[in-house]
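Report on the following structure.
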Amino acid sequence: MTVTEIETAITQLSPSDVTALMAWFANYHARVWDQQIEDDLEAGRLDALLAEVENEYQSGLARPL
């Protein structure tokens, strides 16, 4: 199925089905995002950023909420 076919199918949904789809998609997108963050953490792609945050915290430039 192509994106164009999905878009066409969405236009044929009832308003309540569109609402349900939007809720499902928001949840799905959040899960995909969470997995990407986990993958990046495990691969070390965020190490430099985390070190920068730690340095700012240790220097008194940042504090936890």
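The numbers here are math on the coordinates, done by the rules we state, and not lab data. Predicted model only: the values in this text are computed from it and were never measured. All Cβ positions, glycine included, derive from the backbone under ideal geometry; neighbour counts span all protein chains shown.
What are the residues in the stretch 33-65 that are hydrophobic (A, V, I, L, M, F, W, C), assigned to a helix (DSSP H, G or I) and surrounded by 10 or more Cβ atoms within 10 Å (Cβ to Cβ), if any?
Within the stretch 33-65, Trp33, Ile37, Leu41, Leu49, Leu50, Ala51, Val53 meet the criteria.
Within the stretch 7-17, how many residues are exposed (fewer than 10 other Cβ atoms within 10 Å of the Cβ) and either in contact (Cβ under 8 Å) with a residue 60 or more places away in the chain or among the β-branched types (Val, Ile, Thr) (or both)?
The total comes to 1.
For the stretch 1-16, which positions are assigned to a loop (DSSP other than H, G, I, E, B) and within 25 Å of the chain's Cα centre (by Cα)?
Step one: list which residues in the stretch 1-16 are assigned to a loop (DSSP other than H, G, I, E, B), which gives 1-2, 12-14.
Matches in the stretch 1-16: Met1, Thr2.
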